[in-house]
1. Can you tell me which of (1) of a type in the set (S, T, N, Q); (2) over 22 Å from E395 (Cβ atoms); (3) outside any strand (DSSP E or B) is the one T441 doesn't meet?
2. Can you find a residue in the stretch 495-509 that is modelled with pLDDT of 95 or more, under 17 Å from W302 (Cβ atoms) and over 26 Å from the mean Cα position of the chain (by Cα)?
3. If you take the residues of the stretch 130-173 that are open to solvent by less than 50 Å² (accessible area, probe 1.4 Å) and in a loop (DSSP other than H, G, I, E, B), which of them is farthest from A77 (Cα to Cα)?
4. Do you know which of the residues in the stretch 51-77 that are among the acidic types (D, E) and assigned to a helix (DSSP H, G or I) is surrounded by the most Cβ atoms within 10 Å (Cβ to Cβ)?
5. Hey, does the stretch 448-469 have a residue that's modelled with pLDDT of 90 or more, among the aliphatic types (A, V, I, L, M), open to solvent by less than 30 Å² (accessible area, probe 1.4 Å) and under 25 Å from W308 (Cβ atoms)?
6. Identify, please: which residue in the stretch 86-104 is touching a Lys or Arg at 6+ places or on another chain (Cβ under 7 Å) and over 30 Å from K6 (Cα atoms) and is, among those, most open to solvent (accessible area, probe 1.4 Å)?
7. Taking only the stretch 8-46 into account, find how many residues are small (G, A, S), over 35 Å from the mean Cα position of the chain (by Cα) and farther than 21 Å from L68 by Cβ.
Amino acid sequence: MIVYLKGGEELEIANGSSAYDVACKIGIQKKVVATKINGTTTDLTTTLTDKDTVTLLTYQDAEGLEVLRHSTAHVMAKAILDCIDKDAKLAIGPAIENGFYYDMMLGRTLTTEDLPKIESKMKEIIKQDLSFEKSSMRKSEAQEYFKSRGQKYKVELIAGIDAETVSIYKLGDFIDLCRGPHVPSTKYIPIEAIKLTSVAGAYWRGNSKNDMLQRIYGTVFPSKKETDAYFKMLEEAQARDHRKLGVELEIFHLDEVAPGNVFWLKNGTIIFNLIKDYITKVIRKHNYFVVQTPQLMNKSLWETSGHWAKFKENMFIVSDDETTMAIKPMNCPGHIICYQTGAIKSYRDMPIRMAEFGLCHRNESSGSLHGVMRLRAFMQDDAHVFCTPEQIVSETIDICSILKEIYGTFGFTDIKVKFSDRPEKRVGSDEVWDLAEKSLTDAADAAGLSYTLNKGEGAFYGPKLEFVLKDCLGRDWQCGTLQVDFNLPQRFGIHYIDRDGNKQIPVMIHRAIVGSIERFIGILIEHYAGKFPFWLAPTQIVVASVTDESIEYAQQVHSMLTNAGFRAILDTENEKINYKIRAHSVKKIPVIVIIGNKEASNGTLSIRRLGSNDTTTTTLSEMLPYFEQLECQSQKQ
């Protein structure tokens, strides 16, 4: 029979061959850990059929690495049963970004002191070269099997599976309910690259009304070198933690009196407004206008939009005897109200590009809150473009150019794009979704975007593109989104008049650039390690006098800088200049202007940049052009 390899190459193999046989035939069996058959990731032992398309996966493939981590989670579960608690009740053990975890109910509370013991047992298991053996079991039989072993969480999972049979994996004497796939055997797991990292609590199925389980986290990479590099990155990330630096640099304050909300201090407010002002400046060049919509709107609006049915549990609701209102979790329905006002829209008015820095509230669980990265109240840099179907491509191209410009200004040039299609929980017919998904993929292709499929992760009203930024530590941050929506305009009954005088429903493109500004500031703090570029630093320059005799000249320099619009402070304290340099360097102020007797008598100034021991001397007349150029350059880096 014939199978097709990646790239379309044909390969003739014997009937009944497996993907592993294909790997052997082309001589890469030692590198391959799993396979994709007709787009579905599965085990290497899977039998092929004629005309199958086969993609062999290694640890260099994202899917192959995920299989490795999933298999290692099974090894960890077996190790815990073997050396900690043979009666542990197992829940789920998936692969996650950069690692894996397993949730379980144990007879005692684990601590990090237990992790080396579990790791040691895992290595013993791996050395045994145990095979991951897949089999099927009738649903009723599987429920009885796991029930007899006291595995109540597995029984509950099986009850929710809509199939007559379920898949089971056997690893030695360890048997687990699992869709797979897995590596062929434990010898495929790099034994020195495993590291268990932490223990935490987790509610069964994420519901606080359910049992509290213990979640054991771990990681594994294809090699020890990569695992070591990952932990080095974590150390650096810890030093850059926005929650620590945000306090040290007096950017924000978080308080129990307002969980999930931010108190922006002086420095943080400056950064916040600079970001808003910069984004506004860019989008106005692209003919966007800015609106402001109410915080509190009637339940009927959210019923029409579909948020009430699909998002109600995440909304803050205010009721009295007569009216039920909700604080807005999103800006889009308010923008539709703005679209409906005034004169009837014509095709000549399209596209209408409406932006808002809208404050949104979402009722996130307390356990999910994380610094300024995950909040209950945040400002979204939203915009909605109302356009004709023919304008989807040109608007997508325009939005992508805006994103590229803004991300580049903040120092992000490595950008990945994900295409998220229809979720299970959605509004609108399949026909409308078919149209929306095709329109968005056509637009993405026309914009020259390379993207991966993020299946089932679209918004409930339309498919979306997600723009993922890579920071200086190699971490991914999903920030921008672009969604093509045929549903909300239809639900609200908005229209425009086409060139033939007929009413037509516009397309609504939802777009965000940085997303939550609060979260983006958290990302920037960690990306810059608190060392904001000159244009974005809350204090750009400190003018520090060396002697009492130089204070008057230092005051003159400071006055010139502030009058020119630079954010400068004056330090005339009676301290040694080295002390002042250290103190202001800790505050990560980009530039220190040193004024001593020599500078005062010569009409010059010595400029020292953060992180450098060198100084630059310039004259008073050259000072403002120097800093204007520095500000301009810092926005182009």
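1. Of the numbered conditions (1) of a type in the set (S, T, N, Q); (2) over 22 Å from E395 (Cβ atoms); (3) outside any strand (DSSP E or B), the odd one out for T441 is (2).
2. There is no residue in the stretch 495-509 that is modelled with pLDDT of 95 or more, under 17 Å from W302 (Cβ atoms) and over 26 Å from the mean Cα position of the chain (by Cα).
3. A163
4. E66
5. Checked against the condition, which is being modelled with pLDDT of 90 or more, among the aliphatic types (A, V, I, L, M), open to solvent by less than 30 Å² (accessible area, probe 1.4 Å) and under 25 Å from W308 (Cβ atoms), the stretch 448-469 yields no hits at all.
6. Just the residues of the stretch 86-104 that are touching a Lys or Arg at 6+ places or on another chain (Cβ under 7 Å), to begin with: 89-90, 95, 99-101, 103-104.
Keeping just the survivors that are over 30 Å from K6 (Cα atoms) gives 89-90, 101, 103-104.
Working: K89: 68, L90: 5, Y101: 28, D103: 6, M104: 0 Å².
So, considering only residues that are touching a Lys or Arg at 6+ places or on another chain (Cβ under 7 Å) and over 30 Å from K6 (Cα atoms), the one most open to solvent (accessible area, probe 1.4 Å) is K89.
7. Of the residues in that region, 4 qualify.
This table checks each residue for (1) over 16 Å from I189 (Cβ atoms); (2) out of contact with any helix residue (DSSP H, G or I) (no Cβ under 7 Å at 6 or more places or on another chain).
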site: H70; (1), (2): no, yes
site: D85; (1), (2): yes, yes
site: T111; (1), (2): yes, yes
site: K121; (1), (2): no, no
site: S148; (1), (2): yes, yes
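The values are calculated or read from the model by the stated rules, or taken from the named source; none is laboratory data. Everything numeric here is computed off the predicted structure, so don't read it as measured data. When we count neighbours, we look across all protein chains shown, and the Cβ atoms used for this are built from the backbone with ideal geometry, even at glycine. Ligands, DNA and RNA are excluded from the accessible area calculation, which covers all protein heavy atoms including side chains. Shrake-Rupley method; radii C 1.70, N 1.55, O 1.52, S 1.80 Å.
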